[in-house]
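Structure first, commentary second.
The values are calculated or read from the model by the stated rules, or taken from the named source; none is laboratory data. Remember, predicted model here, so these are calculated numbers, not experimental data. FYI the Cβ positions are ideal-geometry reconstructions off the backbone, even for glycines, and counts take in every protein chain you see. Keep in mind that these areas ignore ligands, DNA and RNA; they rest on the heavy atoms of the full protein, side chains included. Shrake-Rupley method; radii C 1.70, N 1.55, O 1.52, S 1.80 Å.
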Amino acid sequence: MTKPLADRIALVTGASRGIGFATALALAKAGAHIVATARTQGGLEELDDEIRKGGGSATLVPLNLTDSDGIARLGAGLHERYGKLDILVGNAGVLGPSSPIGHIELKTFNDVMAVNVSANFQLIRCMEPLLRKSDAGRAVFITSGAANKATAYVSPYAASKAALETLARAWAQETANTPLRVNLFNPGPVRTRMRAILMPGEDPATLDTPEQVAEFIVPLCAPDWTETGKFYDYKARSLMSFRPPA
């Protein structure tokens, strides 16, 4: 049986664990060749093992996304090797401190913005030409409800996700008349290490797994997905449009 993403190239950031790991694996099962980035070599090797068990293939790229030149080199390498990119999943992110705003150092704030916003900005700059070479380029960025709730005590994270949402939406408008589709995905509370750090008293057994979430990300990456500039809310199982505040 033909796999829906056969012969497609998918770049997944933060792929060494959690939602990134699960999404990379799900995309590979659907037939995509995975280009997996993360800071953790061991986690990438575990992903590669799982992908190969399922008959898939992957290219591992150990990369700290704060290395903007490294992202540019990755784009150049993908162009040289494949001449295109079909799928970009911008998953990598950091939580940052849980603290009142006045107690957060400027460097700490900037560190969160560097990973959650600036790295995705550089990914867009470097990967858009490759995504435009695809017959159906697809980009999905992982966001959070903290962006619109302005959640207290995680202000750098909330602000960074709000900025990411605006960045992705602007890009979606810029590319609306092209085959490229750009969307956001909010997984909500999921059984990940980040969630455990944020909510240490929570029973993880009450939360859905990254694998369950990943199954809903895959359709947004498929050539037959037509929506752009939208927000998929996993908890509500609903695709939503952004609206101006009342």
Problem set entry | Helical mean residue ellipticity (222 nm; -39500 (n - 2.57) per DSSP H run of 4+; nearest 500) of the chain | -12500 deg cm²/dmol
Exercise. Can you pull the percent of the chain's accessible area that's carbon plus sulfur, 1.4 Å probe, other chains left in place?
Worked result: 53
Seminar exercise, completed: Quick note, the chain: a/c under 1.5 would make it rounded; otherwise a/b > b/c is prolate and the rest oblate (a ≥ b ≥ c, C-alpha gyration tensor); here it is rounded
Exercise. Rounded to the nearest 5, what % of the DSSP beta bridges within the chain are antiparallel ones?
Worked result: 10
Exercise. To the nearest 0.05, what FRET efficiency results for D69 and Q41 with a Förster distance of 22 Å applied to their C-beta separation?
Worked result: 0.65
Seminar exercise, completed: Averaged over all viewing directions, the convex hull of the alpha carbons in segment 136-201 casts a projected area in nm² of 5.1
Exercise. Considering amide H positions built from the backbone, and no H for Pro or chain starts, which residues 5 or more places from A58, or on another chain, come under 5 Å of its amide H?
Worked result: I34
For this session: Mind ranking L88, L74 by accessible surface for me, highest first, 1.4 Å probe?
Result: L74, L88
Exercise. What does segment 1-74 give for Rg and for Dmax, in Å, if only its C-alpha atoms count?
Worked result: 11.9, 40
Problem set entry | Contour minus Cα-Cα distance for S238 and I197 (0.36 nm per residue) | 12.0 nm
Exercise. Counting only heavy atoms of protein chains, what accessible area per residue, in Å², does the chain have with a probe of 1.4 Å?
Worked result: 48
For this session: Counting only chymotrypsin sites (Phe, Trp or Tyr not before Pro) that are in a DSSP loop and have at most 14 other C-beta atoms within 10 Å, tell me the longest site-free stretch of the chain.
Result: 1-152
For this session: Ignoring everything but the protein chains, give the 1.4 Å probe accessible area of I87 in square angstrom, nearest 10.
Result: 0
